[in-house]
Amino acid sequence: MVECPECGAEFDAGAVEVGEIIVCPDCGVDLEVLTVDPVTVGQAPEEGEDWGE
Ligand SMILES: [Zn+2]
């Protein structure tokens, strides 16, 4: 189980890889997978001015 650092919800991330971005099913925040076994996540850097376009 993964605990969302944003809202504290716990959910099953399933099979993920380090660096993968998952979305909290509770609050919808983007979370970056930091480690696996066990899976821990941190808030993904917000997509902003330096990305895209
Ligand atoms: Zn959340």
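Laboratory data are not the source of any read-out in this text; all were calculated from the coordinates shown. None of the values given here were measured: they were computed from a predicted structure. Here the Cβ is made from the backbone with ideal geometry for all residues, glycine too, and neighbour counts use every protein chain on show.
In segment 14-43, what residues are among the hydrophobic types (A, V, I, L, M, F, W, C), surrounded by 13 or more Cβ atoms within 10 Å (Cβ to Cβ), assigned to a loop (DSSP other than H, G, I, E, B) and within 12 Å of the ligand (Cβ to nearest atom)?
Correct list: CYS24, VAL29.
Pairs please, first residue from segment 8-19 and more than 14 Å from LEU34 (Cα to Cα), second anywhere and among the β-branched types (Val, Ile, Thr), Cβ atoms under 7 Å, 6+ apart in sequence or on different chains.
GLU10/VAL2; PHE11/VAL2
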